[in-house]
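Asker: Okay, handing you the structure first.
The values are calculated or read from the model by the stated rules, or taken from the named source; none is laboratory data. What you are looking at is a predicted structure, and each value in this text was computed from that prediction instead of being measured. Here the Cβ positions follow ideal geometry from the backbone for every residue, glycine too, while neighbour counts run over all protein chains shown. When the accessible area is computed, the model is the full protein with side chains, heavy atoms only, and any ligands, DNA or RNA have been set aside. Shrake-Rupley method; radii C 1.70, N 1.55, O 1.52, S 1.80 Å.
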Amino acid sequence: MLNNTQIHFYEENGYLALSTLLTAEEVECFCQVYDDFLSGKIESGRHRSDLSGQGDGRELITQIMRPSVLLPELGKSEMHRKALAIARRLSGEDMEVDFDMLIDKSPHTNTPTPWHQDEAYWPDLPDKRAASCWIALDPATKENGCMWFIPGSHKSSIRHHLQTGKAGALQCEADESEAVAVELPPGGCTFHHGRTIHYSRGNTTSHHRRAFIINMRPKKMIELERAHGFDHLGARKVRTKA
Ligand SMILES: O=C(O)CCC(=O)C(=O)O
(Lines give C-alpha, C1' and ligand atoms only; values in the text may rest on other atoms or scores of the structure.)
Protein backbone atom coordinates (compact mmCIF):
# COMPACT_ATOMS: atom_id res chain seq x y z
CA MET A 1 0.00 0.00 0.00
CA LEU A 2 2.72 2.50 1.04
CA ASN A 3 6.48 1.99 1.03
CA ASN A 4 8.94 3.33 3.59
CA THR A 5 10.11 6.11 1.24
CA GLN A 6 6.56 7.45 1.02
CA ILE A 7 6.09 7.26 4.79
CA HIS A 8 9.41 9.05 5.33
CA PHE A 9 8.44 11.72 2.76
CA TYR A 10 5.19 12.38 4.66
CA GLU A 11 6.99 12.58 7.99
CA GLU A 12 9.52 15.08 6.62
CA ASN A 13 7.25 17.19 4.41
CA GLY A 14 3.81 16.96 6.02
CA TYR A 15 2.11 15.88 2.82
CA LEU A 16 2.13 13.00 0.33
CA ALA A 17 0.64 12.61 -3.16
CA LEU A 18 -0.74 9.32 -4.49
CA SER A 19 -1.78 9.11 -8.13
CA THR A 20 -4.35 6.32 -7.63
CA LEU A 21 -6.56 5.94 -4.61
CA LEU A 22 -9.75 5.20 -6.54
CA THR A 23 -10.36 3.13 -9.66
CA ALA A 24 -12.04 4.75 -12.70
CA GLU A 25 -15.29 2.92 -11.78
CA GLU A 26 -15.15 4.22 -8.22
CA VAL A 27 -14.53 7.76 -9.48
CA GLU A 28 -17.60 7.52 -11.71
CA CYS A 29 -19.73 6.22 -8.88
CA PHE A 30 -18.57 8.91 -6.38
CA CYS A 31 -19.08 11.63 -9.02
CA GLN A 32 -22.76 10.66 -9.23
CA VAL A 33 -23.19 10.86 -5.46
CA TYR A 34 -21.26 14.14 -5.40
CA ASP A 35 -23.48 15.67 -8.08
CA ASP A 36 -26.58 14.60 -6.15
CA PHE A 37 -25.26 16.60 -3.20
CA LEU A 38 -24.40 19.61 -5.37
CA SER A 39 -27.76 19.64 -7.16
CA GLY A 40 -29.66 19.31 -3.87
CA LYS A 41 -31.14 15.91 -4.82
CA ILE A 42 -29.56 14.85 -1.53
CA GLU A 43 -30.62 17.60 0.88
CA SER A 44 -27.71 18.98 2.90
CA GLY A 45 -29.36 21.87 4.82
CA ARG A 46 -27.07 23.40 7.44
CA HIS A 47 -24.20 21.11 6.37
CA ARG A 48 -23.78 23.30 3.26
CA SER A 49 -22.15 26.74 3.06
CA ASP A 50 -20.00 28.97 0.89
CA LEU A 51 -16.41 28.70 2.09
CA SER A 52 -15.60 31.98 0.36
CA GLY A 53 -17.85 33.79 2.87
CA GLN A 54 -18.67 36.31 0.15
CA GLY A 55 -22.39 35.59 0.33
CA ASP A 56 -23.61 37.47 -2.76
CA GLY A 57 -26.14 34.75 -3.64
CA ARG A 58 -23.91 32.60 -5.83
CA GLU A 59 -21.80 29.93 -4.09
CA LEU A 60 -18.16 30.42 -5.09
CA ILE A 61 -16.70 27.53 -3.07
CA THR A 62 -19.34 25.00 -2.05
CA GLN A 63 -18.54 23.17 1.15
CA ILE A 64 -20.74 20.34 2.42
CA MET A 65 -19.67 19.06 5.82
CA ARG A 66 -20.03 15.44 6.90
CA PRO A 67 -21.87 14.05 3.84
CA SER A 68 -21.65 10.57 5.35
CA VAL A 69 -23.91 11.70 8.21
CA LEU A 70 -26.48 12.57 5.53
CA LEU A 71 -25.80 9.41 3.49
CA PRO A 72 -24.49 6.80 5.97
CA GLU A 73 -23.52 4.20 3.31
CA LEU A 74 -20.91 6.69 2.06
CA GLY A 75 -19.03 6.32 5.34
CA LYS A 76 -18.73 2.58 4.66
CA SER A 77 -17.41 3.09 1.13
CA GLU A 78 -14.13 1.89 -0.37
CA MET A 79 -12.98 5.53 -0.45
CA HIS A 80 -13.25 5.81 3.34
CA ARG A 81 -11.79 2.35 3.90
CA LYS A 82 -8.73 3.03 1.71
CA ALA A 83 -8.13 6.52 3.14
CA LEU A 84 -8.27 5.17 6.71
CA ALA A 85 -5.92 2.28 5.95
CA ILE A 86 -3.32 4.73 4.58
CA ALA A 87 -3.81 7.19 7.46
CA ARG A 88 -3.11 4.33 9.89
CA ARG A 89 0.18 3.58 8.10
CA LEU A 90 1.13 7.27 8.20
CA SER A 91 -0.03 8.24 11.68
CA GLY A 92 -0.78 5.15 13.77
CA GLU A 93 -3.20 2.24 14.14
CA ASP A 94 -5.49 4.22 16.47
CA MET A 95 -6.57 6.59 13.67
CA GLU A 96 -10.32 6.72 12.86
CA VAL A 97 -12.42 8.85 10.52
CA ASP A 98 -13.38 12.06 12.33
CA PHE A 99 -15.31 13.82 9.55
CA ASP A 100 -15.60 14.07 5.79
CA MET A 101 -16.54 16.94 3.47
CA LEU A 102 -17.03 17.98 -0.14
CA ILE A 103 -15.38 21.12 -1.49
CA ASP A 104 -16.39 22.09 -5.01
CA LYS A 105 -15.10 25.01 -7.04
CA SER A 106 -17.63 25.90 -9.74
CA PRO A 107 -16.45 26.89 -13.24
CA HIS A 108 -15.09 30.43 -13.67
CA THR A 109 -15.36 31.34 -9.99
CA ASN A 110 -11.65 32.10 -9.58
CA THR A 111 -11.79 32.11 -5.78
CA PRO A 112 -8.75 30.78 -3.92
CA THR A 113 -9.08 28.78 -0.72
CA PRO A 114 -6.85 30.90 1.54
CA TRP A 115 -3.59 29.67 3.06
CA HIS A 116 -4.30 27.97 6.34
CA GLN A 117 -3.49 25.16 8.76
CA ASP A 118 -6.44 22.88 9.50
CA GLU A 119 -5.53 22.88 13.18
CA ALA A 120 -6.58 26.54 13.37
CA TYR A 121 -10.18 25.36 12.89
CA TRP A 122 -10.07 22.75 15.64
CA PRO A 123 -10.02 22.66 19.45
CA ASP A 124 -6.54 22.44 20.99
CA LEU A 125 -6.25 18.65 21.43
CA PRO A 126 -3.39 17.04 23.40
CA ASP A 127 -2.58 14.58 20.58
CA LYS A 128 -1.92 16.59 17.41
CA ARG A 129 -1.89 13.65 14.98
CA ALA A 130 -4.36 14.29 12.15
CA ALA A 131 -4.31 13.25 8.50
CA SER A 132 -6.51 14.71 5.78
CA CYS A 133 -7.03 12.82 2.56
CA TRP A 134 -7.97 15.16 -0.33
CA ILE A 135 -9.37 13.12 -3.24
CA ALA A 136 -9.66 14.55 -6.74
CA LEU A 137 -12.76 13.51 -8.69
CA ASP A 138 -11.74 15.74 -11.62
CA PRO A 139 -8.21 16.33 -12.88
CA ALA A 140 -6.79 18.77 -10.32
CA THR A 141 -4.60 21.40 -11.96
CA LYS A 142 -3.15 24.77 -11.01
CA GLU A 143 -5.83 26.37 -13.20
CA ASN A 144 -8.81 24.78 -11.43
CA GLY A 145 -7.49 24.76 -7.86
CA CYS A 146 -5.20 21.83 -7.05
CA MET A 147 -3.67 21.76 -3.58
CA TRP A 148 -0.43 23.60 -2.71
CA PHE A 149 1.57 22.64 0.38
CA ILE A 150 4.47 24.24 2.23
CA PRO A 151 6.91 21.35 2.80
CA GLY A 152 7.92 20.89 6.44
CA SER A 153 5.43 23.47 7.75
CA HIS A 154 3.79 20.78 9.94
CA LYS A 155 6.92 20.98 12.13
CA SER A 156 6.41 24.66 12.96
CA SER A 157 3.82 26.38 15.16
CA ILE A 158 0.37 27.58 14.14
CA ARG A 159 0.58 30.87 12.27
CA HIS A 160 -1.80 33.67 13.17
CA HIS A 161 -5.15 33.17 11.35
CA LEU A 162 -7.92 35.63 10.52
CA GLN A 163 -11.42 34.88 9.27
CA THR A 164 -12.17 36.00 5.70
CA GLY A 165 -15.52 37.38 4.48
CA LYS A 166 -18.73 36.75 6.42
CA ALA A 167 -17.84 33.66 8.48
CA GLY A 168 -15.71 32.38 5.60
CA ALA A 169 -12.49 30.38 5.51
CA LEU A 170 -9.58 31.09 7.85
CA GLN A 171 -6.42 32.64 6.44
CA CYS A 172 -2.79 32.98 7.46
CA GLU A 173 0.18 34.69 5.82
CA ALA A 174 1.97 32.46 3.29
CA ASP A 175 3.12 32.57 -0.29
CA GLU A 176 3.28 30.29 -3.36
CA SER A 177 7.05 30.83 -3.48
CA GLU A 178 7.32 28.70 -0.28
CA ALA A 179 5.04 25.97 -1.61
CA VAL A 180 4.67 23.02 -3.97
CA ALA A 181 1.63 22.51 -6.24
CA VAL A 182 0.30 18.96 -6.50
CA GLU A 183 -1.61 18.26 -9.70
CA LEU A 184 -3.57 15.00 -9.70
CA PRO A 185 -5.55 12.77 -12.04
CA PRO A 186 -9.14 11.85 -11.10
CA GLY A 187 -8.97 9.25 -8.32
CA GLY A 188 -5.60 10.55 -7.12
CA CYS A 189 -5.22 12.03 -3.68
CA THR A 190 -2.99 13.89 -1.26
CA PHE A 191 -2.59 13.36 2.46
CA HIS A 192 -1.60 16.25 4.70
CA HIS A 193 -0.96 16.74 8.40
CA GLY A 194 -3.29 18.99 10.43
CA ARG A 195 -0.53 21.59 10.78
CA THR A 196 0.70 21.64 7.16
CA ILE A 197 0.12 25.05 5.57
CA HIS A 198 -1.88 24.69 2.34
CA TYR A 199 -4.11 26.52 -0.12
CA SER A 200 -5.61 26.23 -3.60
CA ARG A 201 -5.95 28.77 -6.38
CA GLY A 202 -9.37 29.63 -7.79
CA ASN A 203 -11.01 27.72 -10.62
CA THR A 204 -10.59 29.65 -13.89
CA THR A 205 -11.67 26.74 -16.13
CA SER A 206 -15.07 25.86 -17.57
CA HIS A 207 -15.39 22.64 -15.50
CA HIS A 208 -16.06 21.88 -11.86
CA ARG A 209 -13.21 21.03 -9.52
CA ARG A 210 -14.74 18.42 -7.25
CA ALA A 211 -12.80 17.19 -4.23
CA PHE A 212 -13.81 14.75 -1.52
CA ILE A 213 -11.96 15.14 1.80
CA ILE A 214 -11.70 12.65 4.66
CA ASN A 215 -10.11 13.69 7.92
CA MET A 216 -8.74 11.17 10.38
CA ARG A 217 -7.34 11.46 13.92
CA PRO A 218 -6.81 9.23 16.98
CA LYS A 219 -10.02 7.63 18.29
CA LYS A 220 -9.47 9.11 21.76
CA MET A 221 -9.19 12.63 20.30
CA ILE A 222 -12.45 12.21 18.38
CA GLU A 223 -14.11 11.15 21.65
CA LEU A 224 -12.62 14.20 23.38
CA GLU A 225 -13.89 16.55 20.65
CA ARG A 226 -17.39 15.11 20.84
CA ALA A 227 -17.38 15.26 24.66
CA HIS A 228 -16.78 19.01 24.25
CA GLY A 229 -19.63 19.29 21.71
CA PHE A 230 -17.31 19.74 18.72
CA ASP A 231 -18.70 17.81 15.74
CA HIS A 232 -17.37 19.78 12.70
CA LEU A 233 -20.88 21.02 11.92
CA GLY A 234 -20.83 24.29 13.83
CA ALA A 235 -20.00 27.77 12.49
CA ARG A 236 -16.42 28.31 11.26
CA LYS A 237 -14.43 30.02 14.01
CA VAL A 238 -10.78 30.83 14.38
CA ARG A 239 -9.07 29.18 17.33
CA THR A 240 -7.60 31.83 19.57
CA LYS A 241 -5.08 29.66 21.45
CA ALA A 242 -2.07 28.18 19.55
O1 LIG B 1 -10.28 22.05 -1.62
C2 LIG B 1 -9.74 23.10 -1.30
O3 LIG B 1 -9.66 24.08 -2.04
C4 LIG B 1 -9.14 23.25 0.07
C5 LIG B 1 -9.15 21.99 0.86
C6 LIG B 1 -8.56 22.12 2.21
O7 LIG B 1 -8.19 23.18 2.66
C8 LIG B 1 -8.43 20.92 3.03
O9 LIG B 1 -8.80 19.82 2.59
O10 LIG B 1 -7.93 21.03 4.17
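Asker: For every other residue with a beta carbon closer than 13 angstrom to the beta carbon of LYS105, add +1 if it is Lys or Arg and -1 if Asp or Glu, then tell me the sum.
Answerer: Summing Lys/Arg as +1 and Asp/Glu as -1 gives 0.
Asker: Also, I was wondering about something else. Compute a Gaussian network model of the chain, connecting alpha carbons closer than 10 Å, and tell me which residue from CYS133, CYS29, CYS172 fluctuates the most.
Answerer: Highest fluctuation of the listed residues: CYS29.
Asker: Which lysines have a Cα lying under 24 Å from the Cα of LYS142, excluding residues fewer than 8 positions away in the same chain?
Answerer: Output for LYS142: LYS105.
Asker: Okay, which of segment 18-55 sit inside 19 Å, backbone N to the point 7 Å along the Cα-Cβ direction of HIS207?
Answerer: 18-36, 38-39
Asker: Points 7 angstrom from Cα along the Cβ direction at ASN4 and SER157: gap in nanometres?
Answerer: The answer from the label model is 3.6 nm.
Asker: Calculate one ³J(HN,Hα) per residue across segment 176-181 by plugging θ = phi - 60° into the Karplus curve 6.51 cos²θ - 1.76 cosθ + 1.60, and present them in order as whole Hz with x for glycine and proline.
Answerer: Values per residue, Gly and Pro as x: 4, 5, 8, 10, 10, 8 Hz.
Asker: Quick one: which of 134-142, 1-9, 87-95 comes out on top by average Cβ neighbours within 10 Å, and what's the full order, highest first?
Answerer: Ranked from most to least packed, the peptides come out as 134-142, 87-95, 1-9.
Asker: While we're here: Given a 1.4 Å probe and every protein chain left where it sits, what share in percent of the accessible area of the chain is carbon and sulfur?
Answerer: Carbon and sulfur together cover 53 percent of it.
Asker: For ASN110, list long-range residues whose amide hydrogen, built 1.01 Å from N in the peptide plane, is under 5 Å from its own amide hydrogen.
Answerer: Amide H to amide H, under 5 Å and 5 or more residues apart or across chains, ASN110 pairs with ASN203, THR204.
Asker: Can you tell which of TYR121, TYR15, TYR199 shows the greatest fluctuation in a Gaussian network model of the chain with Cα springs below 10 Å?
Answerer: Between TYR121, TYR15, TYR199, it is TYR121 that shows the largest mean-square fluctuation.
Asker: Quick check for you: with a 1.4 Å probe and neighbouring chains kept, what is the accessible area per residue of segment 166-238, in Å²?
Answerer: Ligands and nucleic acids excluded, the figure is 43 Å² per residue.
Asker: Follow-up. Per residue of segment 185-195, in order, report the coupling 6.51 cos²θ - 1.76 cosθ + 1.60 (Karplus, θ = phi - 60°) as ³J(HN,Hα) in whole Hz, putting x for Gly and Pro.
Answerer: x, x, x, x, 8, 10, 10, 9, 6, x, 9
Asker: Same structure, new question: Please check which bits of segment 124-140 a label hung off LYS237 would reach, taking the label as a point 7 Å along Cα-to-C-beta and the cut-off as backbone N under 13 Å.
Answerer: 124
Asker: Still on this structure, please answer the following. Under the 0.36 nm per residue contour assumption, what length would be gained going from the current alpha-carbon distance of GLU93 and LYS166 to full extension?
Answerer: Using 0.36 nm per residue and subtracting the Cα-Cα distance, I get 22.4 nm.
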